[in-house]
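Colleague: Quick one: the structure is below, and I'll ask about it shortly.
The values are calculated or read from the model by the stated rules, or taken from the named source; none is laboratory data. A quick note: this is a predicted structure, and the numbers were derived from the prediction, not measured. Because the Cβ atoms are built from the backbone with ideal geometry, glycine has one as well, and the counts that use them run over all protein chains shown. Surface areas here come from the heavy atoms of the whole protein model, side chains and all, with no ligands, DNA or RNA. Shrake-Rupley method; radii C 1.70, N 1.55, O 1.52, S 1.80 Å.
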Amino acid sequence: MTSTVPPAPSQPGSTAGPADPVGGVPGAPATRRAEQLTRRVATGLDAAPVTMPAPFTGLPITALPQAADAEVRRVFTRAREVQLSWAEWPARERQRVLLRLADLVLAQQDEVLDLVQVEAGKARIDAFDEVSATALVASYYGKHSARLLAERRAAGALPVLTKASEVRHPKGVVGVVSPWNYPLALTAMDVLPALAAGNAVVQKPDNQTALSALWLHELAEQAGLPADAWQVVLGRGSAIGDAIVEESDYVCFTGSTPTGKRLAGQIAERLTGYSLELGGKNPMVVLPDADVQQAAAGAVTACFSSAGQLCVSVERIYVHESIHDEFVRALAERTGALTLGSGLDYHAGMGSLTSQDQLAAVSAHVDDARAAGATVVAGGRPRPDLGPLFYEPTVLTGVTERAKLFREETFGPVVAVYRYSDVDEAVARANDTEFGLNASVWTRDARRGEEVARRIKAGTVNVNEGYAATFGTVGVPMGGMKESGVGRRNSAEGLLKYTEAQAVAVQRGLRLRPFRGMPPRLWAKAMSAGIAALRRLPRR
Ligand code: NAP
């Protein structure tokens, strides 16, 4: 494993001056730019601020104003006012804002690549995944939302006499709660369709990565979004979570399964809608005919992008016994060759973990698996020489059921490789989990790959790719089965979930009851004959 970074500064916690780069990361924007972005936070600057450390250096990024419960409720009141006029905009005009936003994101990507790297500690190539996902989502809804939201005619109860339509109304104000791992992409994927549908949004990004979300917020207003149609509030979930849940007309939550379950319970009390994008323990199945080198290369990306802090990242690999040893050798070699680094350039293949909690959780999972009999074939150590939160990409074999990571999500750069002898067994083991977020199948026979894919109980399944094929295709839904979530983002579903469907039907002439003086039995007979005749028509 090669490294390209100078040692971390020796005084974590020291204060960076206004002209210093954000988080003390060489090459990052100046701290005053970070301060400027924090002024976009909807609540006052007088709330007690918090300062998060930059993962690469441990140095403080910038002071973030924190909201109190009452302030968040005031933000919702304002959102409700603005939503009324935003919803009046023709859907095509709202679309145009998103198309302009896609262009701005691509044109100004250098600054946000720096910010995402500084806040999340990821390699620039992984930060670029966020830029591309953001531009793709903005373009998709920028082109398709008006069509998807358009009123739809349906065949009426009585041909010609009943005219029926399906109308889509915005929910109102959508509360979006976002985690720290994909701060730009997840903001775009969850906030932009809500806006496209005519809602106002109040978003709570994670404090760790608030600047990346605020950067997109700034660009959205440059693209023509009216002020306050999207407002950002900051604060811990324990302080402002109740206000968000109680004030939202719909909640879109992305984060861990335990938090998602807790919020779902609270939301159920109000009978408002929600979507939950939660955790995973994503399997990859390597069929006997797979190209071993290609599968190993694919596994490195699938397991170690964003240092494995990616909800759709692969944590379990099932390899047919005929190629298992060759695959493990290839994966270990490619993993060992991965370059770790914190430069704000495209040199490094993997960055750092994002927080001390993440470092502790990853180290604990690997140590526990080792103690339960696993063999470390690559990585397996923290790398404080590179930065306070670096951990080597790690490949394990011989992981037993006693190990915590056999079933639990690690959410780090750690993968376990298992041997199987028959494809039915591999599918059964892939499905033997409480999660169902993402999966991957590798084979030279694409049709066979699709067959196996359809048998895996996961919301997205990629053939000959780890996650990017589905993640990058905005026209198909993304989300989790089982404990990985409820609802979907992207595609028509990711837009229509933010709407209330309304049926409007106009009845002309004949009412749907017996005519005056007609015996009900005769009416029932005539209706039955009519329904039977309609049943024979091909398109009703
Ligand atoms: P988390 O602890 O559940 O937190 C996620 C977000 O929820 C944070 O902003 C957090 O803020 C907030 N939060 C916590 N309690 C809350 C409450 N009571 N009310 C309102 N907000 C609350 O998850 P995480 O550890 O940050 O994220 C990692 C997890 O997210 C992993 O399990 C990963 O698989 C999952 N994830 C899933 C997807 C997906 O699309 N399926 C995408 C990314 C990540 P505070 O911590 O400040 O309270």
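Colleague: Give the residue, chosen from 249, 242, 206, 228, that is within 10 Å of the ligand (Cβ to nearest atom), open to solvent by 10 Å² or more (accessible area, probe 1.4 Å) and more than 28 Å from residue 122 (Cα to Cα).
Modeller: 242
Colleague: Would you be able to say whether some residue in segment 278-286 is touching a residue at least 12 places away in the same chain (Cβ under 8 Å), touching a Cys at 6+ places or on another chain (Cβ under 9 Å) and over 25 Å from residue 209 (Cα atoms)?
Modeller: Yes, some residue in segment 278-286 is touching a residue at least 12 places away in the same chain (Cβ under 8 Å), touching a Cys at 6+ places or on another chain (Cβ under 9 Å) and over 25 Å from residue 209 (Cα atoms).
Colleague: In the list 115, 106, which residue meets the criterion of being open to solvent by 10 Å² or more (accessible area, probe 1.4 Å), within 21 Å of the chain's Cα centre (by Cα) and either outside the structural domain of residue 471 (by TED's automatic domain parsing) or not hydrophobic (A, V, I, L, M, F, W, C) (or both)?
Modeller: Result: 106 is the single residue among 115, 106 that is open to solvent by 10 Å² or more (accessible area, probe 1.4 Å), within 21 Å of the chain's Cα centre (by Cα) and either outside the structural domain of residue 471 (by TED's automatic domain parsing) or not hydrophobic (A, V, I, L, M, F, W, C) (or both).
Colleague: Another one. Of 184, 158, which residue is over 20 Å from residue 499 (Cα atoms) and assigned to a loop (DSSP other than H, G, I, E, B)?
Modeller: Residue meeting the stated conditions: 158.
Colleague: Mind listing whichever residues of segment 262-274 are near the ligand (Cβ under 10 Å from one of its atoms) and touching a residue at least 40 places away in the same chain (Cβ under 8 Å)? Working first, answer last.
Modeller: Our first condition is that a residue be near the ligand (Cβ under 10 Å from one of its atoms); within segment 262-274, this holds for 262-263, 266.
Selection gives 263 alone.
Colleague: Moving to a separate point now. Where residues in segment 315-360 are surrounded by 20 or more Cβ atoms within 10 Å (Cβ to Cβ) and assigned to a helix (DSSP H, G or I), which of them is nearest to the ligand (Cβ to nearest atom)?
Modeller: My answer is 358.
Colleague: Among the candidates 235, 175, 198, which residue alone is within 16 Å of the ligand (Cβ to nearest atom), touching a strand residue (DSSP E or B) at 6+ places or on another chain (Cβ under 8 Å) and either on the phi > 0 side of the Ramachandran plot or not assigned by TED's automatic domain parsing to the domain that holds residue 120 (or both)?
Modeller: Of 235, 175, 198, the one residue that is within 16 Å of the ligand (Cβ to nearest atom), touching a strand residue (DSSP E or B) at 6+ places or on another chain (Cβ under 8 Å) and either on the phi > 0 side of the Ramachandran plot or not assigned by TED's automatic domain parsing to the domain that holds residue 120 (or both) is 235.
Colleague: Within segment 286-293, can one find any residue that is modelled with pLDDT of 95 or more, under 12 Å from residue 466 (Cβ atoms) and surrounded by 24 or more Cβ atoms within 10 Å (Cβ to Cβ)?
Modeller: yes
Colleague: For the subset of segment 486-501 comprising residues that are open to solvent by less than 10 Å² (accessible area, probe 1.4 Å) and of a type in the set (Gly, Ala, Ser), which member is farthest from the chain's Cα centre (by Cα)?
Modeller: 491
Colleague: I need every pair where a residue in segment 136-154 that is assigned to a helix (DSSP H, G or I) has its Cβ under 8 Å from the Cβ of a residue that is among the charged types (D, E, K, R) and open to solvent by less than 20 Å² (accessible area, probe 1.4 Å), sequence separation at least 6 or different chains.
Modeller: Pairs found: 145/94; 146/94.
Colleague: Further question: Would you point out which residue out of 145, 139 is out of contact with any Phe, Trp or Tyr (no Cβ under 6 Å at 6 or more places or on another chain), open to solvent by less than 10 Å² (accessible area, probe 1.4 Å), polar (S, T, N, Q) and over 20 Å from residue 28 (Cα atoms)?
Modeller: Answer to the check: 145.
Colleague: Please work out which one of (1) away from the ligand (no atom under 14 Å from the Cβ); (2) in contact with a helix residue (DSSP H, G or I) (Cβ under 9 Å, 6 or more places away or on another chain); (3) more than 23 Å from residue 150 (Cα to Cα) is the condition residue 278 fails and give its number.
Modeller: (1)
Colleague: Now, a different point. Of (1) over 30 Å from residue 119 (Cα atoms); (2) touching a helix residue (DSSP H, G or I) at 6+ places or on another chain (Cβ under 7 Å); (3) open to solvent by less than 30 Å² (accessible area, probe 1.4 Å), residue 170 satisfies all except one. Which?
Modeller: Exception for residue 170: condition (3).
Colleague: If only one of 469, 458 is surrounded by 15 or more Cβ atoms within 10 Å (Cβ to Cβ), outside the structural domain of residue 188 (by TED's automatic domain parsing) and either without any contact (Cβ under 8 Å) to a residue 40 or more places away in the chain or assigned to a helix (DSSP H, G or I) (or both), which one is it?
Modeller: 469
Colleague: Between 191, 131, 176, which is among the β-branched types (Val, Ile, Thr) and surrounded by fewer than 24 Cβ atoms within 10 Å (Cβ to Cβ)?
Modeller: Of 191, 131, 176, the one residue that is among the β-branched types (Val, Ile, Thr) and surrounded by fewer than 24 Cβ atoms within 10 Å (Cβ to Cβ) is 131.
Colleague: Right, next: Tell me which residues, restricted to segment 355-393, are without any contact (Cβ under 8 Å) to a residue 40 or more places away in the chain, closer than 22 Å to residue 328 by Cβ and not aliphatic (A, V, I, L, M).
Modeller: If the condition is that a residue be without any contact (Cβ under 8 Å) to a residue 40 or more places away in the chain, closer than 22 Å to residue 328 by Cβ and not aliphatic (A, V, I, L, M), then 367, 368, 370, 373, 375, 380, 381 are the ones that fit.
Here is a yes/no grid of residues against (1) hydroxyl-bearing (Ser, Thr, Tyr); (2) without any contact (Cβ under 8 Å) to a residue 60 or more places away in the chain; (3) surrounded by 17 or more Cβ atoms within 10 Å (Cβ to Cβ):
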{"residue": "417", "(1), (2), (3)": "no, no, yes"}
{"residue": "430", "(1), (2), (3)": "no, no, yes"}
{"residue": "443", "(1), (2), (3)": "yes, no, yes"}
{"residue": "448", "(1), (2), (3)": "no, no, no"}
{"residue": "454", "(1), (2), (3)": "no, yes, no"}
